[in-house]
Amino acid sequence: MGDAPLSGFMARCAERVEGALERWLPAEQIHPVGLHRAMRYAALGGGKRIRPTLTYGAAQAIGIEPERMNGAACAVELIHAYSLVHDDLPAMDDDDLRRGRPTCHKAFDEATAILAGDALQTLAFQVLARDDDIPGGPAARLEMLTTLATAAGSRGMAGGQALDLEAEGRDLDLARLEHIHIHKTGALIRAAVRMAVLAATGLDRDLGERLDRYAKCLGLAFQIRDDILDVVGDTAVIGKTRGKDQAQQKATYPALMGLDGARQSAAELIADAVESLAPFGADADPLRWVAGYMVQRDR
(Lines give C-alpha, C1' and ligand atoms only; values in the text may rest on other atoms or scores of the structure.)
Protein backbone atom coordinates (compact mmCIF):
# COMPACT_ATOMS: atom_id res chain seq x y z
CA MET A 1 0.00 0.00 0.00
CA GLY A 2 1.41 3.37 -1.04
CA ASP A 3 1.04 6.64 0.78
CA ALA A 4 -1.62 8.02 -1.59
CA PRO A 5 -4.69 6.26 -0.15
CA LEU A 6 -3.73 7.15 3.42
CA SER A 7 -2.77 10.71 2.54
CA GLY A 8 -6.05 11.22 0.73
CA PHE A 9 -8.10 9.79 3.56
CA MET A 10 -6.29 11.81 6.22
CA ALA A 11 -6.64 14.97 4.14
CA ARG A 12 -10.41 14.44 3.84
CA CYS A 13 -10.71 13.80 7.57
CA ALA A 14 -8.66 16.89 8.38
CA GLU A 15 -10.84 18.98 6.08
CA ARG A 16 -14.01 17.68 7.73
CA VAL A 17 -12.87 18.33 11.28
CA GLU A 18 -11.35 21.71 10.37
CA GLY A 19 -14.74 22.73 9.02
CA ALA A 20 -16.47 21.53 12.18
CA LEU A 21 -13.96 23.35 14.39
CA GLU A 22 -14.37 26.52 12.36
CA ARG A 23 -18.16 26.39 12.82
CA TRP A 24 -18.10 25.72 16.55
CA LEU A 25 -15.25 27.95 17.70
CA PRO A 26 -16.31 31.52 18.56
CA ALA A 27 -15.24 34.12 16.00
CA GLU A 28 -12.25 36.26 16.95
CA GLN A 29 -14.38 39.41 16.83
CA ILE A 30 -16.65 38.18 19.62
CA HIS A 31 -15.87 39.49 23.10
CA PRO A 32 -13.58 38.53 24.85
CA VAL A 33 -11.50 38.88 21.71
CA GLY A 34 -8.15 37.84 23.22
CA LEU A 35 -9.51 34.60 24.60
CA HIS A 36 -11.27 33.65 21.36
CA ARG A 37 -8.14 34.44 19.36
CA ALA A 38 -6.13 32.12 21.61
CA MET A 39 -8.71 29.35 21.32
CA ARG A 40 -8.65 29.52 17.53
CA TYR A 41 -4.86 29.72 17.50
CA ALA A 42 -4.63 26.51 19.51
CA ALA A 43 -7.38 24.52 17.79
CA LEU A 44 -6.86 25.59 14.17
CA GLY A 45 -3.06 25.49 14.21
CA GLY A 46 -2.71 22.41 12.05
CA GLY A 47 -1.57 19.07 13.44
CA LYS A 48 -2.02 15.48 12.34
CA ARG A 49 -5.71 15.24 13.35
CA ILE A 50 -5.13 11.58 14.21
CA ARG A 51 -7.96 11.35 16.73
CA PRO A 52 -10.68 12.69 14.40
CA THR A 53 -9.28 10.47 11.65
CA LEU A 54 -9.81 7.47 13.93
CA THR A 55 -13.38 8.55 14.68
CA TYR A 56 -14.14 8.86 10.98
CA GLY A 57 -12.29 5.65 10.13
CA ALA A 58 -14.12 3.63 12.77
CA ALA A 59 -17.43 5.06 11.59
CA GLN A 60 -16.73 3.99 8.03
CA ALA A 61 -15.65 0.53 9.18
CA ILE A 62 -19.03 -0.10 10.84
CA GLY A 63 -21.25 1.47 8.22
CA ILE A 64 -21.83 5.00 9.51
CA GLU A 65 -21.44 7.93 7.13
CA PRO A 66 -18.28 9.64 8.42
CA GLU A 67 -19.81 13.11 7.91
CA ARG A 68 -22.38 12.35 10.57
CA MET A 69 -19.57 12.04 13.12
CA ASN A 70 -18.29 15.61 12.61
CA GLY A 71 -19.48 16.71 16.05
CA ALA A 72 -17.91 13.75 17.82
CA ALA A 73 -14.64 14.13 15.92
CA CYS A 74 -14.62 17.85 16.70
CA ALA A 75 -15.23 17.20 20.41
CA VAL A 76 -12.34 14.75 20.65
CA GLU A 77 -10.00 17.16 18.85
CA LEU A 78 -11.01 20.05 21.13
CA ILE A 79 -10.04 17.96 24.16
CA HIS A 80 -6.73 17.16 22.50
CA ALA A 81 -6.10 20.83 21.67
CA TYR A 82 -6.83 21.89 25.24
CA SER A 83 -4.45 19.24 26.58
CA LEU A 84 -1.62 20.50 24.37
CA VAL A 85 -2.13 24.09 25.52
CA HIS A 86 -1.91 23.06 29.16
CA ASP A 87 0.88 20.50 28.66
CA ASP A 88 3.10 23.20 27.14
CA LEU A 89 2.76 25.56 30.12
CA PRO A 90 5.84 26.28 32.27
CA ALA A 91 4.32 24.40 35.21
CA MET A 92 3.91 21.28 33.05
CA ASP A 93 6.23 20.35 30.16
CA ASP A 94 7.44 23.95 29.68
CA ASP A 95 7.76 24.06 25.90
CA ASP A 96 8.06 27.03 23.55
CA LEU A 97 7.24 25.23 20.29
CA ARG A 98 4.17 23.32 19.14
CA ARG A 99 3.34 22.34 15.55
CA GLY A 100 6.20 24.50 14.36
CA ARG A 101 4.81 27.67 15.98
CA PRO A 102 5.16 29.36 19.36
CA THR A 103 3.08 27.59 21.98
CA CYS A 104 -0.13 29.28 23.07
CA HIS A 105 1.33 30.83 26.21
CA LYS A 106 4.22 32.24 24.14
CA ALA A 107 1.97 33.63 21.42
CA PHE A 108 -0.34 35.18 24.05
CA ASP A 109 0.43 34.85 27.77
CA GLU A 110 0.14 32.19 30.46
CA ALA A 111 -3.18 33.35 31.89
CA THR A 112 -4.79 33.53 28.45
CA ALA A 113 -3.42 30.09 27.56
CA ILE A 114 -4.88 28.57 30.74
CA LEU A 115 -8.28 30.10 30.04
CA ALA A 116 -8.14 29.08 26.38
CA GLY A 117 -7.48 25.49 27.42
CA ASP A 118 -10.36 25.62 29.89
CA ALA A 119 -12.70 27.02 27.24
CA LEU A 120 -11.67 24.48 24.60
CA GLN A 121 -12.38 21.66 27.04
CA THR A 122 -15.86 22.88 27.89
CA LEU A 123 -16.65 23.60 24.24
CA ALA A 124 -15.97 19.93 23.47
CA PHE A 125 -18.87 18.86 25.66
CA GLN A 126 -21.11 21.59 24.27
CA VAL A 127 -20.47 20.32 20.74
CA LEU A 128 -21.09 16.71 21.67
CA ALA A 129 -24.31 17.60 23.48
CA ARG A 130 -25.74 19.89 20.80
CA ASP A 131 -24.79 18.42 17.43
CA ASP A 132 -28.01 16.64 16.46
CA ASP A 133 -26.50 15.00 13.39
CA ILE A 134 -24.57 12.47 15.49
CA PRO A 135 -26.41 9.13 15.19
CA GLY A 136 -27.38 6.81 18.01
CA GLY A 137 -30.04 8.73 19.91
CA PRO A 138 -30.07 10.24 23.43
CA ALA A 139 -28.78 7.16 25.26
CA ALA A 140 -25.80 6.85 22.94
CA ARG A 141 -25.10 10.58 23.24
CA LEU A 142 -25.03 10.31 27.03
CA GLU A 143 -22.56 7.43 26.77
CA MET A 144 -20.40 9.51 24.43
CA LEU A 145 -20.36 12.37 26.93
CA THR A 146 -19.46 9.97 29.73
CA THR A 147 -16.76 8.30 27.62
CA LEU A 148 -15.13 11.60 26.70
CA ALA A 149 -15.30 12.94 30.27
CA THR A 150 -13.71 9.78 31.63
CA ALA A 151 -11.00 9.75 28.97
CA ALA A 152 -10.11 13.39 29.72
CA GLY A 153 -10.31 13.23 33.50
CA SER A 154 -8.38 11.88 36.46
CA ARG A 155 -8.91 8.28 35.37
CA GLY A 156 -7.70 9.11 31.88
CA MET A 157 -5.57 11.78 30.28
CA ALA A 158 -5.29 14.20 33.22
CA GLY A 159 -4.47 11.35 35.57
CA GLY A 160 -1.83 10.07 33.17
CA GLN A 161 -0.28 13.52 32.98
CA ALA A 162 -0.18 13.70 36.78
CA LEU A 163 1.56 10.33 36.95
CA ASP A 164 4.00 11.43 34.24
CA LEU A 165 4.93 14.55 36.20
CA GLU A 166 5.37 12.53 39.39
CA ALA A 167 7.68 10.13 37.56
CA GLU A 168 10.17 12.76 36.36
CA GLY A 169 13.66 11.90 37.58
CA ARG A 170 12.56 8.49 38.90
CA ASP A 171 13.42 5.01 37.69
CA LEU A 172 10.37 3.27 36.23
CA ASP A 173 9.90 -0.24 34.95
CA LEU A 174 8.13 -0.97 31.69
CA ALA A 175 4.82 -1.88 33.31
CA ARG A 176 4.66 1.43 35.16
CA LEU A 177 5.55 3.38 32.03
CA GLU A 178 2.84 1.58 30.07
CA HIS A 179 0.32 2.33 32.83
CA ILE A 180 1.10 6.05 32.54
CA HIS A 181 0.70 6.14 28.78
CA ILE A 182 -2.43 3.99 28.64
CA HIS A 183 -3.95 6.93 30.48
CA LYS A 184 -2.01 9.97 29.27
CA THR A 185 -2.06 9.17 25.53
CA GLY A 186 -4.14 6.05 25.06
CA ALA A 187 -7.37 7.06 26.79
CA LEU A 188 -8.29 9.77 24.29
CA ILE A 189 -7.32 7.62 21.30
CA ARG A 190 -9.60 4.86 22.59
CA ALA A 191 -12.36 7.41 23.16
CA ALA A 192 -12.02 8.64 19.57
CA VAL A 193 -12.78 5.14 18.27
CA ARG A 194 -15.46 4.49 20.87
CA MET A 195 -17.43 7.53 19.66
CA ALA A 196 -18.23 5.61 16.48
CA VAL A 197 -18.93 2.35 18.31
CA LEU A 198 -21.48 4.09 20.53
CA ALA A 199 -23.15 5.72 17.53
CA ALA A 200 -23.70 2.32 15.88
CA THR A 201 -26.81 1.02 17.62
CA GLY A 202 -27.01 -2.75 17.48
CA LEU A 203 -23.32 -3.27 16.68
CA ASP A 204 -22.12 -6.78 17.50
CA ARG A 205 -20.37 -6.73 20.88
CA ASP A 206 -17.33 -8.61 19.58
CA LEU A 207 -16.79 -6.05 16.81
CA GLY A 208 -16.92 -3.23 19.33
CA GLU A 209 -14.39 -4.98 21.54
CA ARG A 210 -12.11 -5.57 18.57
CA LEU A 211 -12.18 -1.89 17.70
CA ASP A 212 -11.33 -1.05 21.30
CA ARG A 213 -8.42 -3.50 21.21
CA TYR A 214 -7.24 -1.86 18.00
CA ALA A 215 -7.36 1.58 19.63
CA LYS A 216 -5.59 0.42 22.79
CA CYS A 217 -2.69 -1.05 20.81
CA LEU A 218 -2.57 2.02 18.58
CA GLY A 219 -2.41 4.38 21.55
CA LEU A 220 0.65 2.67 23.00
CA ALA A 221 2.35 2.45 19.61
CA PHE A 222 1.68 6.16 19.08
CA GLN A 223 3.41 7.02 22.35
CA ILE A 224 6.37 4.78 21.63
CA ARG A 225 6.83 6.49 18.25
CA ASP A 226 6.61 9.88 19.98
CA ASP A 227 9.36 8.79 22.37
CA ILE A 228 11.51 7.62 19.45
CA LEU A 229 11.03 10.90 17.58
CA ASP A 230 12.10 12.80 20.70
CA VAL A 231 15.45 11.06 20.29
CA VAL A 232 15.93 10.88 16.51
CA GLY A 233 13.44 13.37 15.07
CA ASP A 234 14.17 16.72 13.48
CA THR A 235 12.73 19.64 15.45
CA ALA A 236 11.80 21.38 12.20
CA VAL A 237 9.81 18.32 11.10
CA ILE A 238 8.23 17.14 14.36
CA GLY A 239 7.20 20.73 15.16
CA LYS A 240 8.27 20.58 18.80
CA THR A 241 11.56 20.65 20.65
CA ARG A 242 13.55 17.44 20.28
CA GLY A 243 15.23 16.07 23.40
CA LYS A 244 12.71 17.48 25.89
CA ASP A 245 12.10 14.08 27.49
CA GLN A 246 15.75 13.54 28.30
CA ALA A 247 16.18 17.11 29.50
CA GLN A 248 13.27 16.65 31.92
CA GLN A 249 14.49 13.20 33.00
CA LYS A 250 11.35 11.47 31.81
CA ALA A 251 11.15 7.72 31.55
CA THR A 252 10.68 6.75 27.90
CA TYR A 253 10.48 3.56 25.88
CA PRO A 254 13.85 4.11 24.15
CA ALA A 255 15.47 4.78 27.54
CA LEU A 256 14.12 1.50 28.94
CA MET A 257 14.28 -0.68 25.82
CA GLY A 258 16.78 1.00 23.52
CA LEU A 259 15.78 2.40 20.14
CA ASP A 260 15.68 -1.00 18.44
CA GLY A 261 13.62 -2.50 21.25
CA ALA A 262 11.20 0.42 21.17
CA ARG A 263 10.79 0.10 17.40
CA GLN A 264 10.16 -3.63 17.73
CA SER A 265 7.60 -3.10 20.47
CA ALA A 266 5.74 -0.53 18.37
CA ALA A 267 5.74 -2.88 15.38
CA GLU A 268 4.30 -5.70 17.50
CA LEU A 269 1.55 -3.46 18.84
CA ILE A 270 0.64 -2.38 15.31
CA ALA A 271 0.50 -6.02 14.20
CA ASP A 272 -1.89 -6.75 17.09
CA ALA A 273 -3.99 -3.71 16.16
CA VAL A 274 -4.31 -4.82 12.54
CA GLU A 275 -5.13 -8.39 13.59
CA SER A 276 -7.99 -7.02 15.68
CA LEU A 277 -9.56 -5.77 12.45
CA ALA A 278 -9.60 -9.23 10.83
CA PRO A 279 -13.44 -9.56 10.77
CA PHE A 280 -13.83 -6.18 9.05
CA GLY A 281 -13.83 -5.78 5.29
CA ALA A 282 -12.36 -3.16 3.01
CA ASP A 283 -14.29 -0.38 4.74
CA ALA A 284 -11.81 -0.74 7.61
CA ASP A 285 -8.80 -0.22 5.35
CA PRO A 286 -8.32 3.39 6.52
CA LEU A 287 -7.87 2.09 10.07
CA ARG A 288 -5.27 -0.35 8.75
CA TRP A 289 -3.51 2.48 6.88
CA VAL A 290 -3.44 4.64 10.01
CA ALA A 291 -1.91 1.75 11.95
CA GLY A 292 0.93 1.51 9.43
CA TYR A 293 1.42 5.26 9.54
CA MET A 294 1.86 5.17 13.32
CA VAL A 295 5.19 3.37 13.14
CA GLN A 296 6.48 5.24 10.10
CA ARG A 297 5.53 8.85 10.84
CA ASP A 298 8.26 11.45 11.21
CA ARG A 299 6.22 14.04 13.12
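The values are calculated or read from the model by the stated rules, or taken from the named source; none is laboratory data. Nothing here was measured: the structure is a model prediction, and the numbers come from that model. Cβ: placed from backbone, ideal geometry, glycine included. Neighbour counts: every protein chain shown. To get the accessible areas, we keep the full protein, side chains included, count just its heavy atoms, and leave off ligands, DNA and RNA. Shrake-Rupley method; radii C 1.70, N 1.55, O 1.52, S 1.80 Å.
For the reader, a short list of remarks on this structure follows.
- Charge tally in the Cβ shell below 15 Å around A73, where Lys, Arg are +1 and Asp, Glu are -1, A73 excluded: +3
- Leading residue at positive end of dipole, the range 1-160 (Cβ point charges), from L142, G45, Q126: L142
- DSSP H segments from the chain that extend 18 Å or more along their own axis, Cα-based, with Kyte-Doolittle mean of 0.5 or above: 70-87, 110-130, 137-152, 186-199
- Length gained when the stretch E143-A267 is fully extended (0.36 nm per residue, less Cα-Cα span): 41.4 nm
- Heavy-atom surface of the range 212-299, accessible at 1.4 Å and reported per residue (Å²): 43 Å²
- Within straight-line cross-link reach of K216, aspartates and glutamates at Cα separation under 12 Å, skipping those fewer than 8 residues along the same chain: E178, D272
- The range 90-98 - phi-based ³J(HN,Hα) in whole Hz, Karplus 6.51/-1.76/1.60, Gly and Pro as x: x, 6, 10, 8, 6, 10, 9, 10, 8
- Among P138, P286, P52, the largest mean-square fluctuation in a Gaussian network model of the chain (Cα springs under 10 Å) belongs to P138.
- Of the residues H80, H183, H31, the one that moves most in a GNM of the chain with alpha-carbon contacts below 10 Å is H31.
- Prolate/oblate/rounded label for the range 1-126 (Cα gyration tensor, a/c 1.5): prolate
- Take I62: with every protein chain present and a 1.4 Å probe, its accessible area is about 30 Å².
- GNM result for the chain, Cα springs below 10 Å: residue of F125, F222, F108 fluctuating most strongly: F108
- All other residues whose Cβ lies under 14 angstrom from that of R194 are scored, Lys and Arg at +1 and Asp and Glu at -1, for a net of +4.
- Helix-derived mean residue ellipticity, 222 nm - over the chain, DSSP H n ≥ 4, -39500 (n - 2.57), to 500: -22500 deg cm²/dmol
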